[in-house]
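Reviewing the structure listed below.
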Ligand SMILES: Cc1cc2nc3c(=O)[nH]c(=O)nc-3n(C[C@H](O)[C@H](O)[C@H](O)COP(=O)(O)OP(=O)(O)OC[C@H]3O[C@@H](n4cnc5c(N)ncnc54)[C@H](O)[C@@H]3O)c2cc1C
C-alpha cells in the first residue's frame, strides 16, 4: 500500500491512473488533484493520430460523441502530400474526452479532488508534501509518490527542479467554411507555410466535432520555438483562415503554450515522476494526446515496479522511455523539429516535400504517422540515393507561389 498523488486530471493524469490500476495498483492508493472542475475546456485541436486512437481504444474503448478522420495532409508552398493511415483516427472536443477519461477513473474507485490548485511539492523524509489551494483554503498532505501530470504550465516539474524542454506557443479558434466542399472533413491538414513568414511551425485546419453542432472546424498555428508574439500568431491565423475560405465563429482567437520533449528533458526524482506534457510532447506537430496516453503507460509500469521493489527510485526512468517505440518516435520527431524549425528550415522543407520514398510510405496506408522512426535507416538510405542523383536541396528562401 502506497499513497500516490497524481497532479493533473487531463489525459496524462487519467491515463496514468487507469494504466496503474491495470498494472495492479489499488484504486485506494491513487488520488487525482486538478485545479479545474470537470468537464473543463482545454484549448486543443482534439485530433488523435491512428496511433493515439489505438492506444485510447486499448485503454478505454471508443468514447462516444467524437468524430473520425482517415489521414493527414502535409502542405506548404512547395506542394502537398497525403499521409494515409491504416484505419480511422478519432477526434474529440477535449472537454468531453477528458471528462470521459476522468470519469473512468472515478468509476474504477480512484479519488478525484477537483478545484484543488497545487501550489507546490516539497520532498520530506518519507515522500513528498503536496500543497494546494481549494474551496477549503490552503491545505497540504504527505504522499509516498507524486506524479506530475499538470501539463505545459504545471508546477511539479519546476518545484522538483527537473530540466524541461522548449516551450512553444499556439493559437486557435473555431471557424466555419464560407463555401462548403473545399475541405475534406476526414483529413487533418498541416501547412508548413508559417516557416515562410518566420514562424517555426505549421498552421492547421481540423474538423471540430463540437457536441450538438455540425460543420465546424478549428484553425490555428503552432510556433514550435515560442519566438513569435501572440499578436503575430493571431494575425497569421486570421490571414490563413481568410485565404483558406473560413469565417471565424469564436469571438476571440485564444492561445496556450506547449512543452516539448527532448532527449535532455528530465522526469524523475526519488518518489516523483512526470508524465504527459509535464514531461514533454511531440516537438514537430505538437501532438500531445497520444504521447500523454503512451508516456503514462510506461510511467505507470515503472512506478509499479518501484512499488513492488519498495524503492523510491526508478533507475533509468528517462533512458528506459527513450528505448520504447514511443520514446524512439518522440526522438525522431524531435530530430525532424530541430531540422524543420532550425536555421536550415528551407532546406529541410525541400527535403521533406521532395523525399520520394517518404511520400510513398506516407501514402501507402500501411504505416502509421509517428511510427516512421522504425524506417529511419531506409529513409536515410533512399534519400542519400536521391541526393546523389539530384543534389542536396538549397536553403534559399521559398516563395509562397513556389509550387
Ligand atoms: C492550441 C492547441 C492545440 C492542440 N491540438 C492538439 C491536437 O489536435 N492533438 C493532440 O494530440 N494534441 C494537441 N495539443 C496538445 C494537447 O492539448 C496536450 O499536449 C495534452 O492536453 C497533454 O495532456 P496532459 O494530460 O499531459 O496535460 P493537460 O491536458 O494540459 O492536463 C493537465 C491538467 O492539469 C491540471 N493542472 C495544471 N496545473 C495544475 C495545478 N497547479 N494544480 C492542479 N491541477 C493542475 C489542468 O487543469 C489540466 O486538467 C494542442 C495544444 C494546444 C495548445
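Values in this text are rule-based calculations from the coordinates and carry no lab data. All values reported here derive from a predicted model rather than from experimental measurement. Methodologically, a virtual Cβ is constructed for each residue, glycine included, from the backbone with ideal geometry; neighbour enumeration extends over all protein chains shown.
Once the C-beta distance of residue 399 and residue 37 is scaled by a Förster radius of 56 Å, the resulting FRET efficiency is 0.70 to the nearest 0.05.
Its Cα gyration tensor gives the chain an equivalent ellipsoid, and the semi-axes of that ellipsoid, as √(5λ) in whole Å with the largest first, are 36, 24, 19. Note: relative contact order over segment 232-382, using C-alpha pairs below 8 Å and six or more positions apart, is 18 percent. Quick one: angle between helix 230-244 and the longest Cα principal axis of the chain, in degrees between 0 and 90, rounded to 10, please. Rounded to the nearest ten degrees, it is 50.
Relative to the dominant Cα principal axis of the chain, helix 94-107 is inclined by about 30°. The stretch between residue 126 and residue 328, if pulled fully straight at 0.36 nm per residue, gains 69.3 nm over its current Cα-Cα span. Spacing of the modelled spin labels on residue 385 and residue 68, each 7 Å from Cα toward Cβ, amounts to 3.7 nm.
For the chain, averaging the sequence separation of C-alpha pairs within contact (under 8 Å, six or more residues apart) and dividing by the residue count gives a relative contact order of 21 percent.
Working from Cα positions, state the angle (0 to 90°, nearest 10) between the long axis of helix 289-309 and the longest principal axis of the chain. It works out to around 30 degrees. Stretched out straight at 0.36 nm per residue, the stretch from residue 304 to residue 254 would grow longer than its current Cα-Cα span by 14.1 nm. Summed over qualifying helices (DSSP H, 4 residues or more, each -39500 (n - 2.57)) and divided by its residue number, the chain shows a 222 nm mean residue ellipticity of -10500 deg cm²/dmol.
Rg over Rh for segment 1-137 works out to 1.07, both radii taken from alpha-carbon positions and Rh defined as the Kirkwood radius. When only Cα pairs below 8 angstrom with a gap of at least 6 residues are kept, segment 1-87 shows a relative contact order of 23 percent.
For the chain, the share of DSSP beta bridges that are antiparallel, to the nearest 5, is 70%.
Relative to the current alpha-carbon distance between residue 262 and residue 356, full extension at 0.36 nm per residue lengthens the span by 31.1 nm.
Of interest is the spacing of the C-alpha centroids, which for segment 3-50 and segment 51-66 amounts to 15 Å.
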